[in-house]
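Some notes on the structure that comes next.
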Amino acid sequence: MVIRKLNIDEKPPMDFLLLADPSRIIFEEYMQRGECFVAEDDGQIIGSYVLLPIRPETVELVNIAVIETLHGKGLGKQLVMNAIEVAKSNGYRTIEVGTGNSSIGQLALYQKYGFRITGVDIDFFIRHYSEEIFENSIQCRDMIRLSQDL
Ligand code: COA
């Protein structure tokens, strides 16, 4: 398995990148401003993430996703660690990530790999998404913001 930057002439793996964020409009904006990285195994894309510059020395990890059949096998951890390394080697001082209040596994993953909770954007998902989102029987309403110094 290799993790590499997607070339400018390659199509992003929309289907499962949208697993991470059901809003196509937000995703397309990310793709214009950010850089997409993919995990590939035998030529098949099995995971992906986008690094989005949000301030001069800060980058945000967005749209991290692993193909559903491979969840729980450590690939998400490898993508998070790769994103941290790429951000560091590109000279960023801080990496941020945001996830839903209902995304229990994601909150565990990010904190296990060095992110600390820095804030809550109350009602973010109510304001920005037209449909209600439920995970783990919890309504996703607020965005939990996490950050890590590099
Ligand atoms: N409680 C405690 N730890 C949990 C957990 C829970 N409920 N759920 C997951 N974890 C931990 C795992 O045990 C693992 O820890 P470890 O590295 O110490 O073993 C870690 O989180 C990540 O597991 P991993 O197998 O690497 O994750 P994954 O390959 O399944 O990928 C996602 C994680 C989030 C990328 C994947 O589930 C996905 O693509 N989800 C859909 C898209 C999405 O929600 N993206 C995030 C948007 S914010």
Selection within the stretch 133-150 - open to solvent by 70 Å² or more (accessible area, probe 1.4 Å) and not in a strand (DSSP E or B): Asn136, Ser137, Arg141
Select from the stretch 115-132 the residues that are assigned to a loop (DSSP other than H, G, I, E, B) and open to solvent by less than 40 Å² (accessible area, probe 1.4 Å) and list them in ascending order. Phe115, Tyr129
Which one is farthest from the ligand (Cβ to nearest atom) among residues in the stretch 52-74 that are among the β-branched types (Val, Ile, Thr) and open to solvent by 20 Å² or more (accessible area, probe 1.4 Å)? Ile54
So, Gly47, is that one in a helix (DSSP H, G or I), within 13 Å of the ligand (Cβ to nearest atom) and under 18 Å from Leu18 (Cβ atoms) or not? no
Answer yes or no as to whether Glu40 is more than 14 Å from the ligand (Cβ to nearest atom), open to solvent by less than 50 Å² (accessible area, probe 1.4 Å) and more than 17 Å from Asp149 (Cα to Cα). yes
Pairs with Cβ under 9 Å, 6+ apart, first in the stretch 26-49 and more than 13 Å from Glu10 (Cα to Cα), second among the hydroxyl-bearing types (Ser, Thr, Tyr) and assigned to a strand (DSSP E or B): Ala39/Ser48; Ala39/Tyr49
Out of all the residues in the stretch 114-125, is one or more within 8 Å of the ligand (Cβ to nearest atom) and touching a strand residue (DSSP E or B) at 6+ places or on another chain (Cβ under 8 Å)? no
Taking the conditions exactly as written (in a helix (DSSP H, G or I), within 11 Å of the ligand (Cβ to nearest atom) and either closer than 26 Å to Gly43 by Cα or open to solvent by less than 40 Å² (accessible area, probe 1.4 Å) (or both)), does Leu109 satisfy them or not? no
Subset of the stretch 76-86 that is in contact (Cβ under 8 Å) with a residue 60 or more places away in the chain and within 8 Å of the ligand (Cβ to nearest atom) - its residue that is farthest from Leu17 (Cα to Cα): Gln78
Within the stretch 25-37, track down each residue that is within 15 Å of the ligand (Cβ to nearest atom) and farther than 23 Å from Lys88 by Cα. Ile26, Phe27
Looking only at the stretch 1-24, and only at residues there that are open to solvent by 60 Å² or more (accessible area, probe 1.4 Å) and assigned to a helix (DSSP H, G or I), the one that is farthest from Thr99 (Cα to Cα): Asp15
Kindly establish whether Leu79 is outside any strand (DSSP E or B) and either over 22 Å from Gln148 (Cα atoms) or under 15 Å from the mean Cα position of the chain (by Cα) (or both). yes
Could you tell me whether Glu85 is acidic (Asp, Glu), at pLDDT 95 or above and in a strand (DSSP E or B)? no
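The values are calculated or read from the model by the stated rules, or taken from the named source; none is laboratory data. Keep in mind it's a predicted model, so treat the numbers as computed, not measured. Don't worry about glycine lacking a Cβ; one is built from the backbone with ideal geometry, like all the others, and counts go over all protein chains shown. Areas reflect the complete protein model, heavy atoms only, side chains present, ligands, DNA and RNA absent. Shrake-Rupley method; radii C 1.70, N 1.55, O 1.52, S 1.80 Å.
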